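Remarks on the structure that follows.
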Amino acid sequence: MIAIYPGSFDPITLGHLDIIERGQKLFDCVIVAVLCNTNKKPLFSVEKRLEQIRQCTQHLTNVKVDSFTGLTVDYAKLHKAGVLLRGLRVLSDFEKELQMAHTNKTLSGKIETVFLATTTEYSFLSSSTVKEIAQFGGEISHLVPKNVAKDLCLYYSKSH
Ligand code: ADP
């Protein structure tokens, strides 16, 4: 069974990576799919995010990294995926994620959304929190992969 793990990953955090590492043990293949969403103004380009994800998942042989536009279910169908993998952190994620899962179900009855509960230590970790900390020179090495920490430090040292 192929699973798609869609998201913004701007940038990928150790919380995301934890879901990927646990997900790839459950499925034959996990495709981490970066959504090119024109509504959001990302910090990192899609190409940069793909590079960041590829670097920190290179040890996982059944993980592929890609980007897409349009509907997630259409992308899933294109890749013959049966599952959309999502992570659940705090209660506030639940409403949004459930709504998305129900919507996707109405668009394609064959594709199931599977949720993995966050590992406790990452339950309050989000890409935006990391960016906020990095912006003010705070410690982020325990929150993101090494290559991402480097990119964030570089980004904020240049923009100040
Ligand atoms: P999106 O814009 O689609 O929410 P994100 O990159 O913010 O994209 O998140 C992608 C998925 O990863 C979502 O299902 C989100 O709930 C999950 N996720 C994000 N951070 C964590 C974390 N720390 N632990 C577990 N799941 C997470």
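Please work out how much accessible surface T13 shows to a 1.4 Å probe, ignoring ligands, DNA and RNA, in Å² rounded to 10.
Surface accessible to solvent at T13 totals approximately 0 Å².
Please work out the ratio of the alpha-carbon Rg of the range 49-143 to 2.2 N^0.38 Å and round it to two decimals.
Numbers: Rg = 15.7 Å, N = 95, 2.2 N^0.38 = 12.4 Å.
Ratio of Cα Rg to 2.2 N^0.38 Å: 1.27.
Less than 10 Å Cβ to Cβ from S67, Lys/Arg counted +1 and Asp/Glu -1: what total charge do the surrounding residues give? Walk me through the numbers on the way to the answer.
Numbers: positive: R49; negative: E47, D66.
So the surrounding residues net to -1.
Accessible area per residue, 1.4 Å probe, Å², for the chain: what's the number?
Details: 9080 Å² over 160 residues.
So the chain comes to 57 Å² accessible per residue, rounded to a whole number.
Return the carbon/sulfur percentage of the accessible area of the chain, one whole number, probe 1.4 Å, all protein chains in place. Kindly include the intermediate steps, with their values, before the conclusion.
Numbers: 5120 of 9080 Å².
Ligands and nucleic acids excluded, carbon and sulfur reach 56 percent.
Return the loop-located trypsin sites (Lys or Arg not before Pro) in the range 1-97 (DSSP other than H, G, I, E, B) with at most 12 other Cβ atoms within 10 Å of their own Cβ; answer none if there are none. Provide the component values of the computation, followed by the final result.
Values: sites: R22, K25, K40, K48, R49, R54, K64, K77, K80, R86, R89, K96; in loops: K40, K80, R89.
Loop-located and lightly packed - K40, K80.
Just how far, in whole angstrom, is the range 128-160 from the range 1-30 if you go by their alpha carbon centroids?
Result: 22 Å between the Cα centres.
Counting other Cβ atoms within 10 Å of each Cβ, which chymotrypsin sites (Phe, Trp or Tyr not before Pro) in the range 60-160 have at most 14 and sit in a DSSP loop?
Numbers: sites: F68, Y75, F94, F115, Y122, F124, F136, Y155, Y156; in loops: F124, F136.
Here the chymotrypsin sites (Phe, Trp or Tyr not before Pro) that fit, given the DSSP loop and packing criteria, are F124, F136.
Two decimals is fine: what is log10 I(q)/I(0) at q = 0.14, 0.16, 0.27 Å⁻¹ for the range 88-132, from a Debye sum with one equal scatterer on every Cα and no solvent?
Each listed q corresponds, in turn, to -0.43, -0.54, -0.97.
With N set to the residue count of the chain, report its C-alpha Rg divided by 2.2 N^0.38 Å to two decimal places.
Values: Rg = 15.4 Å, N = 160, 2.2 N^0.38 = 15.1 Å.
Scaled against compact globular proteins, the figure is 1.02.
Counting only DSSP beta bridges with both residues in the chain, what percent are antiparallel, rounded to the nearest 5? The partial results should precede the final answer.
Details: 0 of 20 bridges.
Roughly 0 percent of the beta bridges in the chain run antiparallel, per DSSP.
Where a ≥ b ≥ c are the square roots of the eigenvalues of the C-alpha gyration tensor, would you call the range 1-45 rounded, which needs a/c under 1.5, or, failing that, prolate if a/b is larger than b/c, or oblate?
On the way: a/c = 4.08, a/b = 1.83, b/c = 2.22.
Oblate, because a/c is 1.5 or more while a/b does not exceed b/c.
Give the lysines whose C-alpha is closer than 27 Å to that of K131, dropping any in the same chain fewer than 8 places away, or say none.
Within reach: K40, K41, K48, K64, K96, K146, K150, K158.
The values are calculated or read from the model by the stated rules, or taken from the named source; none is laboratory data. In this text the structure is predicted, and so the values were computed from the model without any measurement. FYI the Cβ positions are ideal-geometry reconstructions off the backbone, even for glycines, and counts take in every protein chain you see. What goes into the accessible areas is simple: the full protein's heavy atoms, side chains included, and nothing from ligands, DNA or RNA. Shrake-Rupley method; radii C 1.70, N 1.55, O 1.52, S 1.80 Å.
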